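The values are calculated or read from the model by the stated rules, or taken from the named source; none is laboratory data. Computed from a predicted model, the values in this text were never measured in an experiment. Heads up: the accessible areas ignore ligands, DNA and RNA and are worked out on the full protein's heavy atoms, side chains in. Shrake-Rupley method; radii C 1.70, N 1.55, O 1.52, S 1.80 Å.
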Amino acid sequence: QLGSALFYHPYYYTYHNPLVVNAPLSDYGEGFEQAAAYLAQKPNAESLKVLSFRGRGPFSYFFSGETIIFNPLFLEEPGMVSMIERLEQADYLVINDALRPRTPRTELFVSALGDVPPEHSIFINGVSTIRIYRMADLPASFYEVLSNAR
């Protein structure tokens, strides 16, 4: 137990030790408060709707607008109808690198973002990347890939 705890010392499950190369990441939502702070500084923050992975708590506690919870299970349904509905309601999308490797469908979702540059990125010790996308910047091809997922 002591050996596995050293990967995360001195923060244990919330951050990784930068001295340990290739330490597994815990992904408890670290850094999402920084994404919330970035969006909260926008002039119309209270009226923004943000679809956020790790939205409940790590993001929503720090954001004054509406947080729409990104549930990865919505990616598993044919055509991703529930996810597309939430994407269409949102002004911004916030995801991190931990979403991609969960399932082939989460990989498809992240890959569909392709070459779309995020409006803003957050790095924690060069390890956990969080990307913020403005929904108006996402191309129609992104939605087509999701709609055609069977």
Rounded to whole Å, sorted largest first: equivalent-ellipsoid semi-axes of region 38-150, Cα gyration tensor = 22, 16, 14
Potential lengthening between N71 and D137 on full extension [0.36 nm per residue; Cα-Cα distance subtracted] | 21.6 nm
Per the rule of 0.36 nm per residue minus the C-alpha distance, extending N148 to I124 adds in nm 5.2 nm
Per residue solvent-accessible surface (Å²) - region 66-147, probe of 1.4 Å | 47
